[in-house]
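The values are calculated or read from the model by the stated rules, or taken from the named source; none is laboratory data. Everything numeric in this text was worked out from a predicted model, so none of it was measured. Heads up, the Cβs are rebuilt from the backbone with ideal geometry, glycines too, and the neighbour counts pull from every protein chain shown. All accessible areas refer to the heavy atoms of the entire protein, side chains included, with ligands and DNA or RNA removed. Shrake-Rupley method; radii C 1.70, N 1.55, O 1.52, S 1.80 Å.
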Amino acid sequence: FPPRAVYQGQEQHFKGNGTPYNREPLWISKYDKSAPLYQLTSTLNKVRNNAIKLSKDYVNTPAETLFNDVNHLCLRKGPYGSQVVFCINNQSSKGPKYELNISGGFHPGDKVVEVTRCRHTTADATGTITMYMGNGEPRVYVHADAIKGTGICSDTKEDGPVGNAASGVGSTAGIMIAALASWAVFFFA
């Protein structure tokens, strides 16, 4: 996989769109660790590193497409127990709020956590999980047991529809979609 799927400064909302403009000096951002894309990148790195720690086979397991259409790409990567189910979409931050039912990623009754919003849910009797989509945001699900004690989503709430107010990651959906498409290549390579 590519050595860098997210360009330097992308998590700091740099505007460069090609060489040499995508090489802005990082120190001018004062390296804001509270920036939404920094937080997302940090969380996804922790999730991926944890999945590798749980199973050395994670890196060699090919990603499996669970669902795709003109608006969505949903993948599963990793052996059972360390798998990650990831859905990105091409909706904007003003996009619709809706439910997306995805099966094939988990077993019936599995307790799972969506790590971008720290929300928990349980797979239904067929192993299907309901993803509450909105604001153009991605969804990334892992087994709840897989992240215990890792600091990833130590405190979760019941999953449900996306509220009216945009969350931290959804407020920058345009840049985030590009970053997440890059992350899909890196995360599921």
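Among the residues examined, R48 does not qualify as open to solvent by less than 60 Å² (accessible area, probe 1.4 Å), of a type in the set (K, R) and either under 20 Å from A123 (Cβ atoms) or assigned to a loop (DSSP other than H, G, I, E, B) (or both).
Every listed requirement among (1) modelled with pLDDT of 95 or more; (2) closer than 21 Å to P36 by Cα is met by P96 save one, (1). Selection of region 99-132 for residues being at pLDDT below 95 and open to solvent by less than 20 Å² (accessible area, probe 1.4 Å) yields only G105. Those strands (runs of 3 or more DSSP E) of region 82-161 in which 3 or more residues are within 26 Å of K56 (Cβ to Cβ) occupy 84-89, 111-114, 139-143. Just to be sure, is I88 out of contact with any helix residue (DSSP H, G or I) (no Cβ under 7 Å at 6 or more places or on another chain) and open to solvent by less than 60 Å² (accessible area, probe 1.4 Å)? So I88 fails the test.
So, of the residues in region 22-45 that are surrounded by fewer than 15 Cβ atoms within 10 Å (Cβ to Cβ) and under 11 Å from the mean Cα position of the chain (by Cα), which turns out to be modelled with the lowest pLDDT? Per the stated criteria, the residue is S42. Within region 133-146, the only residue that satisfies the criterion of being open to solvent by 10 Å² or more (accessible area, probe 1.4 Å), among the hydrophobic types (A, V, I, L, M, F, W, C) and in contact (Cβ under 8 Å) with a residue 40 or more places away in the chain is A146. Looking only at region 61-70, residues that are open to solvent by 50 Å² or more (accessible area, probe 1.4 Å) and in a loop (DSSP other than H, G, I, E, B) come to 3 in all.
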